[in-house]
Every structure is written in C-alpha cells, then in structure tokens.
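Everything below concerns the one structure shown next.
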Amino acid sequence: KRISSKKESKSQSESVKKGHNDKQKNELKCLECEYSSRSVMGWHTHLRTKHSTTPSLAGCILRCECGNESVSFQHSLKCDISNVTVIRTGDGTFRRFTDLAVANIPCIYPQCETYPKTATGYTWHLEKHHKSTLMANDIYLMCSCGLKVRSNNDRAHGKECDRRSYTLHRIDEE
C-alpha cells in the first residue's frame, strides 16, 4: 500500500487533459453529515468549507480499488480505476481546524497586529506584508516537530506535525 499526502507530480490540469476525471463510480459519503458526492474534489471542498477540516484531521483516508490510500484528491485525477471509498482511521475522532493548538505569537513588527497561525504562515506574512525575512531579523521559528524554520522554503516537517505549534527564537540563542 502506498499512502500519499503530498502533492503529486502532475498538476490537476495536466491530468484532466489526459482524459482522467474526478468522477467516481460510488458516492463518497461525509462521515459527519448526510452529504455525499461522486467527486473527490467536491468531497474535499465540503470538508473544508462545511466542517472546517481536512481528511487527515477528520480521521479518514480515501481508499481506491487499485490499492492506493490517500488523503489527497490528486490520485483520483490520474488513476484509471479511480473508484474511491472513504475509510475511517485511528480512533475515529473528527477534529477541526479550531481544535488545533495555534501559536499565539505576534508579528515581530510592533505596529502590526497579526498573529500568524503556522510557521510557514509567519514567514509568508513577513515576506508579503513587511518585505522582510526571518534571517534579516536574526530570528528563526522552532516548530513543535523539532524543525528550525528560517525561510519559507523550510518544509521538511515531521509526518504527524500540524505546523501550528511553534516558538520564536533569536539566532544568537542557538
């Protein structure tokens, strides 16, 4: 079995151009309400917009008849079989974004009232809103999984990391 959670190598539009589509033979049922869809993307959108969650947080995976297990919709775009079933994983806990601990760290600029929710979001905020970087300010973020985030390119988080628990450190404290 192959479990994938990262973006697949082909883009969605390339896969669709090659004749694959997202329509399933069976309906994908939401494990929290009466919603069902024949589209994996539609099911993903439903989880995100109606329940404020993702398949990983909701405690479920998508199992294809080909044997692939995934939390992404990308497989359904490239698989010739592409008949997916929603399977509950773990203890069956249906978590939402609001259930996650979020770092309560303000932006380093005193005039800014932003509290980015993730380490990656923090680096993005500095770049887009302040035209600055962590390194330019001699700081880094320590993620709860142990990764030191110094730029927006640092994405090698641990497998179970929620990327929402981090602390701010000065580089001279290393």
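The values are calculated or read from the model by the stated rules, or taken from the named source; none is laboratory data. All figures in this text were calculated on a predicted structure; none of them were measured in a lab. Don't worry about glycine lacking a Cβ; one is built from the backbone with ideal geometry, like all the others, and counts go over all protein chains shown.
Looking at (1) charged (D, E, K, R); (2) in contact with a helix residue (DSSP H, G or I) (Cβ under 9 Å, 6 or more places away or on another chain); (3) modelled with pLDDT of 80 or more, which one does Lys10 not meet, given that it meets all the others?
For Lys10, the exception is condition (3).
Please find, within region 13-24, the residue that is modelled with the lowest pLDDT out of those that are polar (S, T, N, Q) and surrounded by 14 or more Cβ atoms within 10 Å (Cβ to Cβ).
Restricting to residues being polar (S, T, N, Q) and surrounded by 14 or more Cβ atoms within 10 Å (Cβ to Cβ), the top hit is Ser15.
What number of residues within region 36-68 satisfy the criterion of being under 14 Å from Cys79 (Cα atoms) and in contact with a strand residue (DSSP E or B) (Cβ under 7 Å, 6 or more places away or on another chain)?
Of the residues in region 36-68, 5 are under 14 Å from Cys79 (Cα atoms) and in contact with a strand residue (DSSP E or B) (Cβ under 7 Å, 6 or more places away or on another chain).
Quick one: in region 129-154, which of the residues that are closer than 27 Å to Leu47 by Cβ and out of contact with any strand residue (DSSP E or B) (no Cβ under 9 Å at 6 or more places or on another chain) is modelled with the lowest pLDDT?
Asn152
Could you grab me the full set of residues in region 134-152 that are over 23 Å from the mean Cα position of the chain (by Cα) and either acidic (Asp, Glu) or closer than 16 Å to Ile105 by Cβ (or both)?
Asn137, Asp138, Ile139
Looking at region 25-35, can you tell me whether even one residue there is modelled with pLDDT of 85 or more, of a type in the set (Asp, Glu), within 17 Å of Val84 (Cα to Cα) and in contact with a strand residue (DSSP E or B) (Cβ under 8 Å, 6 or more places away or on another chain)?
Within region 25-35, one or more residues are modelled with pLDDT of 85 or more, of a type in the set (Asp, Glu), within 17 Å of Val84 (Cα to Cα) and in contact with a strand residue (DSSP E or B) (Cβ under 8 Å, 6 or more places away or on another chain).
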